[in-house]
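Each value in this text was obtained by applying a stated rule to the coordinates, not by laboratory testing. Quick caveat: nothing in here was measured; it's all calculated off a predicted structure. Ideal geometry is used to build each Cβ from the backbone, glycine not excepted, and the neighbour counts take in all protein chains shown.
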Amino acid sequence: MRKAILKLRDGKEFEGIAFGAPISLEAGEVVFNTGIPGYQEILTDPSYNGQIVMLTSPMIGNYGISAEDNESSGIKATALLIRKLYRGPVMEGRIPLDRYLADAGIPALEQLDTRALTLHLREHGSQNGILFYPEDRKEAEEKLAAFPLITERDLIDGVSVKEPVENPFLGSGFATAPDKPIRHFALVDYGIKRSIIDCLYRRGAAVTLLPPSVTAEEILAMKGIDALFLSNGPGDPALLADAVRMARECIGRLPVQGICLGHQIITMALGGRTVKMKFGHHGSNHPVRDCLSGRTFVTAQNHGFMSDRDSLPVNVSIWFVNANDGSVEGLYEDSLNVRSVQFHPEAAPGPEEAEAIFDTFMEHAR
Amino acid sequence: MRRDDIHHILVIGSGPIVIGQACEFDYSGNQAVRALKEEGYEVSLINPNPATVMTTPSIADHIFLEPLKKEYIERIFDQVGPDAILSTMGGQTALNLTMELEKEGILKKYGVKVIGASAEAIEKAEDRGIFKDIMTSLGYESARSGIARSVEEALAVKEDIPLPLIIRPSFTLGGMGGSIAEKEEDFIPLVEKALEVSPVHEILIEESLIGWREFEMEVMRDSKDNAIIVCSIENIDPMGVHTGDSITIAPIQTLSNDEYQRMRTASIEILRAVGVDCGGSNVQFALSPDHSRMVVIEMNPRVSRSSALASKATGFPIARISAKLAVGYTLDEVQNEITGASVSCFEPALDYVAVKVPRFELEKFPLEAAALGTQMRSVGETLALGRTALEAINKAFRSSEQKLEGITALDKSRYDSDLLLRSAHPLRYLAAYTAIKDGETDLGKLSRITGFDIYFLSILMEMKELEDEIAAGPMTDGLYLKAKKAGLSDKHIRTLTDEPLPEHIIPARHYVDTCAGEFEALTPYCYTSYGEEDEGTGLGKDAVIILASGPNRIGQGLEFDTCCTLSSRAFRKHGRKTIMVNSNPETVSTDYNTSDRLYIEPLTAETVLDIMRKEGTRDVVVQLGGQTPLNMAAELERNGAHIVGTSLSSIDRTEDRGLFSELVKELGLRQPENRSASSIDEIREKAEEIGFPVLLRPSFVLGGRAMFIAYDESGLDEFIAKPEVTISPESPVLVDQFLEDAFEYDLDAVSDGESVYIGGILQHIEAAGIHSGDSAAVFPPYKSKPEILAQMREWTLRLAKHLSVKGLMNIQFAEKDGKLYIIEVNPRGSRTVPFISKSSGVDLVEAAVRVWLGEDLVQQGLVRERGSWAEGRCIMGWAVKEAVFSFDRFQSVDPALGPEMRSTGEVVGYGRTFGEAYAKSQAAAANRLPTSGRVIISVNSKDRGTIAPIARSLQELGFSLLATKGTARDLFKEGILADVVLKTQDGHPNIVDYIRARKADLIINTPMGFHSRKSDDDIRTEAVRAHVPYTTTTSAAKAAVEAIRYLQENRFIVRELPQGPRR
């Protein structure tokens, strides 16, 4: 039982008990997620790359870690903060969370006043923080002061493919690529969640995973592609000028679709802007209204940036809005055949009811 | 969008409190009525339960305390003309009634639309066969089962599915009549019983999933197909224990995201398929221990006990939103009142856990091992919130007020812990803890034996390690904080260590905000937890703390909660802020907008003192929550609390029998001869002095716990042998003269210390010796001499002045041979306050609150002259209060009434005549008084004189008479001819055979004393089983005659409760 400290950029400190891997001054943007189950999916979601994730659900680790629930090759979050770790036995075939974190080299804190931290972030906004043992205070404080802001970090490089991959194998528990695909997506990987590919496979689509550096020429030269799909991923979309250019050059020549970061890139490619949110939407309970049908879905969300509604060109229509704060949750431009959503229709973790949006994607991918 | 095709909505309440249907429906109905009025609809309400908040004048536009029967509803359609009926707020009772109105074409005849759940959806959800087909078509598994309408069909089902089998009757509430057939020979009797209790004579026989994990989803869905899960609930007790009897935790803890989402998606698909599209439902699932099979158990297309729990656990007001959906709104159109910043189409995120522990009455209704099953047995429940499961479980056990200071090992001299471990029993979780305390470390094995998930056993292991650590010492600040964070009370810690505790830590205040802190909350409510940052600031000394009554139990329930709710309303109306403390999630008092601040916390002195310090106020109201607040009042006062109203020393003078006797003597009043005995020998001695019969009781009890009438020496022995009776100088036994055949009265009053306003005097219909809570009673008194009543008023004034009573007081009187006796004085709100307030048109609680705020009764206009009394009158003509029992849940319990209270609820009947009022009270209590047929009379020798005129009247009303030998002989002497029937011990056919053969329509059977007690027991038990009305006193029999006379006229009259205060 070793004490450790989380210090935020604005000076606020929280004390906890360290578990998982030993702490070596991990720093990153501290964000909270209000989902209840799903810690494994959250930890392995590449969109959390570079972030210290705090879960508001107070008891974590209850059902262990199962080989079939990873959203990527392993944990992508920098560190985990929770109120209480479950240390008891887990079901056969599963691994205790503590051990999984230790094996993955990811440190974590429990016994933290996560409620106070949530309220602090709500009040003062998401910001950088650092984990350290009391004796490393000085070094930690220096590192925190010098640590780049999330808007200054390239977080995509470490979580995306370097070379094109045809129909990646997702692992047990996920679908495999269809034998006779009815669509073929060029899918740019900014740190994609496996469940997105899984949703496409299950609808009969083949995918070619492309590195983030891919250019419009390369994409347009590909054979048999029905649509361009931009994935989710970590960090500030404003840093991705090349990606925005690539998307802009493809729009009008291919159907272009995206989720989360992909949606933000599309926003900019269409001439809009993105802005950083105070503390973002991270959870499994966000209501999103479909402006076409009037129906509201409860969705999984994980974003700290969003499309600025006022910046959108007149030809762009709003597909979804957040029913709580009115923020833009999805776009479409029919004449150019572009559509994108900010939230996560693939869920994982979260409610599955918006998954039908992949049907719309399939329908418009041609 | 708001529906404009309807204008006037009738809300159906759930009627009296019975096991399986309690005050959660007052809470939901109350929310619904308010939500509908907000939208500008005219709202009518029918509920014969006078204890409810919902029937308080001004809540609905038209209030009818009338029986929940189609004939009375039809009259309401006639009289006030609603064009819609909300079916989903009154539990199974309201659903069944709606179905009946629909099937008989009554709704169509009056052009009334069903809103909430359509009759079609109700049918699909409730008819187990149809429901199962829907599950199959959706691709979900349900338990293997078959429907049977006869024993033969049942046997055919059994061919295909092996024992054990669950047998469930269709359309019953709380799983009533359900059972588990483990053995071949049990099968047919259980099938017969289930067929009998099902109103449609249909049962479902299904494979046993005993030992599986059980989960529930509280779902809401609207007309746009928006659907949300308000709350997921995991039963800690495995399948095989009714969910109402299970310890539960919210949200679900042991499911991965995949498993959870599978259940979530299934729940929504089920609502869609069943057609619930404007309200809430509860869907129950079972999961095999290895998580490989998920089976859908059932759904309830209405608000329920679980939805009340879910509302309190999350802050999401399901009933309120259901009402809005019922009138056309969609979830995205309704604001979340808690945050004020989000819509209701979201799923609450919890950053705490909510644990429910059911409250049983093991002493009143003993349960054998393995007694729990498909039928609910608990009488109440308690909710605790904590940041961790261990903390919340410890708090919840403490909140349940069952003498458990949190998770504790069982006393092995009292319980067979190993047996309980293997049994569906309320104490099974504690039996598991006992095993762990005894050194069991193989949690896998323990899980297989008990059916508890390893996760919940690990929590017990954590508890054990903590207890060991405390016991090993030393007690440090760090260890103390750790213990407090785990939910241990100071008292609990002190049982583990002799070391002095570090300085008491005041816990942090946390908000329940529906969103885990994501949004700032406008009207949150609170719980406390240790070692964390506080939210918000104290309300300061302007605020008054109201202590509510905790979990429902026999003798302390809805009535007290209503008093607390009304007092909060009155305080706020007159400009003071209120802080409510309660642990009972079923109640209106724990609704987030009843008070300025609400704490869901255990009602213990430690917690209340912490809240007092946190909030910066000293004023505490202890008069309204029954015995629970009173029991801690002294400790609160010692630690700086200011007890609002009547002083503690005055309360003591009424509670302590010795002091009370002195008081009676001092004021020149009269009470039954009484002594106090501190040893077994002394009991005999004192009984001898007073003379038999004597009434025996332990001091400081509510609801007549362990109270006993001894007619002779052997009776004394029986009392002494009771396990709950302890005799010592510290807890003496009270030996009182028992006034046999006396008339008893209940008087409720408010005093300002000088004057008294008597709300009303109730006369009991049952004779003395039957607990006041169990006795039918009438307001105003129906047969008493004016001078006796005058004496009561005069004595009341004398007592109030002398004790400086400030606030409510209740006095019980008895009259025997023209002499008045005072039985007891309770200087607090009583069970009858809501009843008297409604029936007299004066809100006694508000009058008390105004006294506390400094406005005396003369200033209030209730009493004309300072130092005198005034009295209310029944504004409804006659008001009869009838007690309602849940005996049909406990087949082995003798339903004979006695000094120990056993009723779970009450109803009222209002009428121009006594007969009308009594008839309605019986109809409302579901006592089916016959209008023709056969009456069986068997009365003891003392009653032979009074029975003759009753028997004659019954004959005149066209009944045939059947009497036991002695009774028949005495009737014959009076010129009344009755056929003779054998007593049970005298051969066949006897009384019981007649009842079984449905050849008895009314039974008058007064207790025969100890000699033929067994026979009396058999008769009454059989009558309860066969639903034949029975009376145990001649006065009740006489009342029944008057009621039958009214019923024979075959008119159904409904009487609207006047609105607004009469002052």
Computed from the beta carbon distance with a Förster radius of 35 Å, FRET efficiency for residue B:183 and residue B:988 to the nearest 0.05 stands at 0.80
Percent RCO, i.e. relative contact order, over chain A, from Cα pairs under 8 Å lying at least 6 residues apart: 15
Nearest 5 percent is fine: what portion of the DSSP beta bridges confined to region A:2-151 is antiparallel? 60
Towards the positive end of the charge dipole of the protein assembly as shown, with charges on Cβ (+1 Lys, Arg; -1 Asp, Glu), say which of B:495, B:761, A:293 has the farthest Cα. B:761
Run the numbers for residue B:78 and residue B:798: contour at 0.36 nm per residue of separation, minus the present Cα-Cα distance, in nm. 254.3 nm
What is region A:2-151 by shape, rounded, prolate or oblate, if you read a ≥ b ≥ c off the alpha carbon gyration tensor as root eigenvalues and call it rounded for a/c under 1.5, prolate for a/b larger than b/c, and oblate otherwise? prolate
Restricting everything to alpha-carbon atoms, can you work out Rg to Rh for region B:538-691 with a Kirkwood hydrodynamic radius? 1.09
Separation of the residue A:318 and residue B:711 label points, Cα + 7 Å toward Cβ, nm: 8.1
When only C-alpha pairs under 8 Å and at least 6 residues apart count, what is the relative contact order of region A:2-151, in percent? 35
Quick check: the distance between the Cα centres of region B:318-332 and region B:561-631, to the nearest angstrom? 29
What FRET efficiency comes out for residue B:100 versus residue B:156 if R0 is 35 angstrom and r is the Cβ-Cβ distance? Round to the nearest 0.05. 0.70
Measure of size requested: the Rg and Dmax of the protein assembly as shown, with Cα atoms as the atom set and Å as the unit; please supply both. 33.8, 116
Residues whose placed amide H lies under 5 Å from that of residue B:382, excluding near-sequence neighbours: B:357, B:359
Spacing of the two label points (7 Å from each Cα toward its C-beta) at residue B:498 and residue B:37, in nm: 6.1
How much length is gained if the chain between residue A:67 and residue A:124 is pulled fully straight, taking 0.36 nm per residue apart and subtracting their Cα-Cα distance, in nm to one decimal? 16.8 nm
Rg/Rh of chain B (Cα atoms, Kirkwood Rh), to two decimals, equals 0.94
Computed label-point distance, nm, for sites residue B:865 and residue B:438 using a 7 Å Cα→Cβ extension: 7.3
Which value in deg cm²/dmol, rounded to the nearest 500, describes the helix-derived mean residue ellipticity at 222 nm for the protein assembly as shown, given -39,500 (n - 2.57) per DSSP H run of n ≥ 4 and division by the residue count? -9500 deg cm²/dmol
What does the convex hull of the alpha-carbon atoms of region B:930-1028 project to on average, in nm²? 5.6
For region B:437-472 and region B:646-698, write down the distance between their C-alpha centroids in whole Å. 48
